[in-house]
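Structure first, then comments.
Every read-out reported here was derived from the displayed coordinates using simple, explicitly stated rules and does not represent laboratory data. Remember, predicted model here, so these are calculated numbers, not experimental data. Heads up, the Cβs are rebuilt from the backbone with ideal geometry, glycines too, and the neighbour counts pull from every protein chain shown.
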Amino acid sequence: MPAVDLSVSPRAIWRLAWPQTLMMYCVFIMSFTPVWTAGRIAAEVQAAFGMAAQCFIFLSILCMGLSSGATAAISQALGDRNERRAGFYVSTTVALSFLLGMLLAVPGWLFADHLAGAVGLPEEARPAASQIWRIMMAGLPLSYVYDATCVIFRATRRVVPPLATAAGIMLLHAWLCIGLGLGYLGLPGIGLEGIAWAGVAANSAGAVANCLLLWRLGFLARRRIPRKAWLKRGVPYLLKVAGPACIASLVWHSGYFVLFVLVSTLPFNRVASLAGLTAGLRIESILFLPGMAFHTTAAVMVGNCLGAGRREDAMRVSWTLIKIAATVMSLVALAMWPFRPELAAFLSDDAPTRDCIVSYLSWNLASTPFSIASTVLGGVMVGAGATRYNLLTFGTTFWGLRIPLGWWLGHVLWQDASGVFCAMLVSQIVQSLAMCRVLQSRHWQNCAMRSHRRGDG
């Protein structure tokens, strides 16, 4: 396995952050393109795609938890200069991600129709949502593999190869999505099915490309396949981190799932509100996805520091990343503020939907410094293997504050989507303050693997 640079200098932060930021923008374009394409067809199609996409993310919680465990285990192993252990965790993560995808895809396919009705989706949008969902399930295993391999590259500080892959599949996805969805770019227009199959094709291509890159770098070589004896020693820590991370993802995404339900069951303008929430989330990704680049940078650097036993460096790099990320992304949010109506008009031709998009952006752009700080702090806890703090803090603020406040403001007091969006701002403020308190306590540093742990043969 090639040697890894473990520096935590500002220059090292920049080398890690900029490729990940560009890669996150590739992800943003891939999430933005189907919403834009669906909006050109009909508001019902856009609403159906938004709900199906949110359910797909919800179903990915096991993969997200596994990825958190892999980030902590691989980065700490490399910080401890134990390349053999890191290689075993790489091959184990790839195999488990594919297996999880297979286990979830079958029941997901079978219960597609029941899901569309269970989430309270308007009747006119249910057939489209079921159709999209079944196609998504066909590509779930390789989608899991693609996500996991991207995490592995980040954990090993090799962030340029997955950037090249992300750029390539972004172009492939845009061509297929717009071409098959609308009949442009020399492709036959098949509407909704074309949008869904474009995502499956892009993620599958990304999974194959990343696995080939890992194989060429030696990460998936035969000697990196762990034996049963190692699995008994190495997998427990992976699961120890992945377990709370998985539950935290479940709590978080089930909360967003409930937010979609709250919006889809509002007293007035249900379809427009749901389409507005779907589109607003995509626009907000301009801010959130670069924040995720800082999240993963924090996870890798903190994991390296704690694996090497450098606790003060872990604290210092954590605060540095929080300040940089919150400041930069707040400036971007400030620059976007005057163009909310134009962004809404670009995503939808429906006037009520545009009004909901503007409302969503108004509340969520204001929350940028708090949401970005929380995102980076979440990455710090992942790198330390302290995912239980993410579970406790995010779960409490989401379900104990955001959901009940969103219901009261949206369904009782204001009776429109603005009440749900306002609750999102309030919960982000409380959440970021709580996570800062956790960081200051330093108890999270005790969750890392001991740097003197050896015997990974």
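Summary of computed values
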| quantity | calculated |
| --- | --- |
| Relative contact order computed over region 134-282 (Cα-Cα under 8 Å; 6+ residues apart), in percent | 20 |
| Inter-probe distance in nm under a simple model that places probes 7 Å from Cα toward Cβ, at TRP109 and LEU185 | 2.7 |
| FRET efficiency estimate (nearest 0.05) - Cβ-Cβ, TRP14 to LEU172, R0 25 angstrom | 0.30 |
| Simple Cβ-charge dipole of region 81-233, Lys/Arg +1 and Asp/Glu -1, about Cα centre, in debye nearest 20 | 1600 |
| Kirkwood hydrodynamic radius of region 232-375, Cα pairs, Å | 17.4 |
| Student exercise, region 323-457 dipole from Lys, Arg, Asp, Glu Cβ charges, in Debye to nearest 20 | 980 |
| Lys/Arg +1, Asp/Glu -1 at C-beta; the chain dipole; positive extreme among ALA221, LEU59, MET435 | ALA221 |
| Efficiency of FRET between LEU217 and ALA345 - r from beta-carbon atoms, R0 51 angstrom, step 0.05 | 0.70 |
| Nonlocal amide H pairs with SER60, under 5 Å, H built at 1.01 Å | none |
| Residue order, fewest to most surrounding Cβ atoms within 10 angstrom, among ILE41, ILE152, ILE225 | ILE225, ILE41, ILE152 |
| Top positive-direction residue, dipole computed over region 10-447 with Cβ charges, set LEU22, SER254, ASN82 | ASN82 |
| Dipole of region 119-244, positive end: most advanced residue of CYS177, MET137, VAL151 [Cβ charges, Cα centre] | VAL151 |
| At least 30 Å along the helix axis (C-alpha) and Kyte average at least -1.0, DSSP helices within the chain | 10-41, 83-110, 160-182, 192-217, 228-264, 270-307, 311-336, 417-441 |
| Kirkwood Rh and Cα Rg combined as Rg/Rh, region 167-230 | 1.27 |
| Under 5 Å, built H, 5+ apart or other chain: amide partners of PHE219 | none |
| Rounded Å value of the spacing that divides the Cα centres of region 235-299 and region 343-381 | 12 |
| Computed magnitude of the charge dipole of the chain (debye, nearest 20; Cβ of K, R +1, Cβ of D, E -1) | 2500 |
| Descending semi-axes in Å of region 10-447, equivalent ellipsoid built from Cα gyration tensor | 34, 26, 20 |
| The chain, helix-only ellipticity at 222 nm - DSSP H runs n ≥ 4, -39,500 (n - 2.57), divided by all residues, nearest 500 | -27500 deg cm²/dmol |
| Cβ-defined net charge surrounding ILE372, 13 Å radius [Lys, Arg +1; Asp, Glu -1] | 0 |
